Amino acid sequence: MKKNLILFILLIFSATGFAAWYLMKQPDPADGPHLASVLPADTLLLLRINHAEKQMEELRNSPLAKAIEGMDLEASLERAGFPYLIPDGMRNYREWLSSKWNQKIFNSIFGREAALAILPEALAFMTPYAEPEDMLKGIAIIARPVQGAALASFISPWAPGLDVSEIAPHGNTKIRQITLANGMALFTSDREGLMLGAFHLETLKRMLDASSGSIASLENNKNFNAMEKALDDGPRTLSFYGDLATALPLVDAKLASFAEADDVNDWNDIRKMLQGFKNFGYARFNEGTEVRRSLGRAGMDKKEMDPALLALLERPARKPEPLWMAPPETELFFWDGSFDLEYTIQSVLEDPEDQAAFRGAFEMQTGILFEDLIHSLGHEMAFIMTEADEDSVFPLPRLAIMLESPSPDILTSLMQNLVNKTEATFGIPLQLQPHSIGNVEITQVQIPMGEDIQPGWATMGRYFVFALHWESIADMVRAESSGNNLVSDALFQSVDKGLSGKNKSVTYVRSEALMDTVLAMAMWQATNLAGGNTHVLVSEILAPVLEGLKMYRASGSRGYTEKDDVVFQTFTHIRK
C-alpha cells in the first residue's frame, strides 16, 4: 500500500513537471503548412491572429489595460443605479483570465497562430426556421500549437471540465468529440502540426478533405493568393480575408428562397454598394516601433461595378490642400477628394419620386435651385474639428466644413437665405458681422444665445468654408498664412506616411486630445441633462477608459486606388 502511494505521488509530480515543461518550452521553429491549406477553396471569411501570446502580454502591460484593471466595474454600476448592467459571471470570467495556468494553456494552443473561418454552410441559419445551433454550421477553428498538435491532443483528455472521446475516423484521420460544459459538441482532429475544430462534423470533414487534396483548398484559390501577395510580407499580428464574389450570390439565393421583396430592401442597398467588389483583405503589422501600420485592399471587377461609383473611384488622386489650412491642434480631420453630393442623394433616395420631393423641399426652404447647388460644388469636402473653448458654457468642439466650389457666390446666397428664413420663422434678429483676417472676408452670424455658437462662412481660395464659430475660420486663415498648421505638427508628421501626398481620402485623429473633448461633453451631459447618478458612469467607468485610450496618441489613414484595388493604409502612433 505504501509503495503504491509513493508511486502515485511520483506519477503526479512527473505529470506536473511534464505539463510545466510543455507549457513553457519554446516553439518549434518549423513553420508547417499554411492555415489556408486545411480550408475549402470556397471559404467565405478567414480571420487569422499571429503571436497572440505576445499581443496579449503587450496589451496587459498597456495604459489601457491598467486603466481598466483599476476600475471596480460592479461597484461603480451599483453606485450609478444600474446593477442590472453587470454581466452574469463577470467575476468568474475575470478570475479565469487572471489565472496564470489558464493563460499558459490558452497560449500554448492559440498563442502562436490561430484562425477562425466561415464556410458556406454557415448560411444555413438564414431561414425562418433556423435553430440557434444552425449559426454554428460552417464555423471552423484552426490553431498551430506551440509544441505541435499531436502533443496537445494527447494531453487534452486529462484537461479538467472536458469530456473527450474518439469517434469514427474520416479515412485514416482520427476524430475526437469534445463535449463542453454547456453540452455543445466540438469535433477536432490534427493535420501536420495543426489542430482543426468545428461544431459540426461535416464541416470538419470538409477541412480534412481540403488538407488531403480531395477537394480544392483555399491555399490554391488564385484570388486568395493574389490578395495575400498584395498585402505585403511583414510581421503580421492580424489578418482578414473575405471572398465577396462567392458570399454575395449565396446570400442573394438564401434570401430569395424565403424573403418577400419588401423585406430585403436594406440588403439590396448594401448589395448595390458592394456590387463589383471581388474580395477584401486586411493585415495589421508590428515592426516593433511606436508607429504601427495596417493595410486594407478591396479587389474590384470594374465591369460589374455601378458605373457612377466607378466614375468616383477613378477620379484622379490629388493633394489634400485643407491639411495646410487645419490648425496644428486639430483633433479630427477628414478629407474626401471624390465628393459628389448628387450621387450621395441618389444612393440614399433611390426612388425618383423621393429625389424629386427632396429637391422641391430644398428649393422651397433655401430659395436656391438644386441644379445651381450641384453646379456650385467641386469634388472635395473636408471636415475639421478642434477643441472647445475652455470658457464655454457647453463644451461643444469647434467644427468647420470645407467644400470645393467653383461658384462660391451661390453658397454665400444659400447661407444668407437661410439666415433670412430663420429670422422670419422664429422672429429672432440675426445680424451679419464682417471680419477681415488677412485677405479673407469672414461673415459672422450674431446669434443672441451666448458666445458658444456664432456661425460664420467665408471663401478661402477655391473652398467655401462654414463653421459653427467664425473664429474657427480665422484660425484656419492664420494656420495657412503662418505655416504653423497641421502638416507642421510633430505628432501629425509621425503618422504622415503619405497622408499629405496625392490621395482619394485622408483621415487624421489626435486621440490623446480627442478623448478629453469626449469626456468633457459626456460629463456635461451627465451633470446637466441625464440627472441621477449618471455622472458616476462617466467619472468611474468612461473616464478611465478614455484615459487609457490616449495610448493611441494619433492615427492617420489614407485611401487611394491601385490598378484594380481600392487601398487603405493606416498608421497609429502608440504610447507604450
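The values are calculated or read from the model by the stated rules, or taken from the named source; none is laboratory data. Keep in mind that this is a model prediction, so the values were computed, not measured. Cβ sites come from the backbone with ideal geometry, for glycine too, and all protein chains shown count toward neighbours. Heavy atoms of the whole protein, side chains included, go into the accessibility calculation; ligands, DNA and RNA do not. Shrake-Rupley method; radii C 1.70, N 1.55, O 1.52, S 1.80 Å.
Miscellaneous remarks
- Neighbours of residue 476, meaning other residues whose beta-carbon lies under 13 angstrom from its beta-carbon, give a summed charge of -3 when Lys and Arg score +1 and Asp and Glu score -1.
- Cβ-derived FRET efficiency at R0 30 Å, residue 61 paired with residue 268, nearest 0.05: 0.05
- Once all protein chains are placed together, residue 394 keeps about 60 Å² accessible to a 1.4 angstrom probe.
- Since only 573, 255, 41 are under comparison, the one whose Cα sits farthest along the positive direction of the charge dipole of the chain, derived from C-beta charges on Lys, Arg, Asp and Glu, is 41.
- Packing-based ranking, highest mean first, of 452-461, 233-242 given that Cβ atoms within 10 Å are counted: 452-461, 233-242
- Nearest-0.05 FRET efficiency for residue 462 and residue 348, computed from C-beta distance (R0 35 Å): 0.85
- Protein accessible area in the chain, 1.4 Å probe - carbon and sulfur %: 59
- Once both labels are positioned 7 Å from their Cα atoms along Cα-to-Cβ, the gap between residue 433 and residue 363 label points is 3.7 nm.
- Take the Cα of residue 528, step 7 Å toward its Cβ, do the same at residue 379, and the gap between the two points is 4.3 nm.
- Average accessible surface for the chain: 53 Å² per residue, computed with a 1.4 Å probe over protein heavy atoms with every protein chain in place.
- Correct option for volume of the Cα convex hull per residue in Å³ [calculated from the coordinates] among (1) 155; (2) 165; (3) 210: (3)
- Positive end of the dipole of the chain (Cβ unit charges, origin at the Cα centre): among 413, 200, 127, the Cα lying farthest that way belongs to 200.
- Charge dipole (the chain, unit charges on Cβ, about Cα centre) - positive-most of 535, 514, 167: 167
- Label point distance in nm, residue 82-residue 446, each placed 7 Å from Cα along Cα→Cβ: 4.4
- Extent along principal axes [Cα atoms of segment 350-406; Å; largest to smallest]: 46, 25, 24
- P(r) histogram, all alpha-carbon pairs of segment 429-481 included - 10 Å bins from 0, percent: 27, 56, 16, 1
- Using alpha carbons only: equivalent-ellipsoid semi-axes of segment 509-576, gyration tensor based, whole Å: 34, 14, 8
- Whether segment 449-503 is rounded, prolate or oblate, judged on the alpha carbon gyration tensor where a/c under 1.5 counts as rounded: prolate
- Student exercise, the chain dipole from Lys, Arg, Asp, Glu Cβ charges, in Debye to nearest 20: 2940
- With 29 Å as the limit on Cα-Cα distance, the pairs of 205/254; 205/302; 278/502; 54/229; 222/303; 54/272 that go past it are 205/302; 54/272.
- Residue 576-residue 371 FRET efficiency (beta carbon distance; Förster radius 41 Å; 0.05 resolution): 0.15
- Extension gain from residue 304 to residue 245, taking 0.36 nm per residue of separation minus the Cα-Cα distance: 20.2 nm
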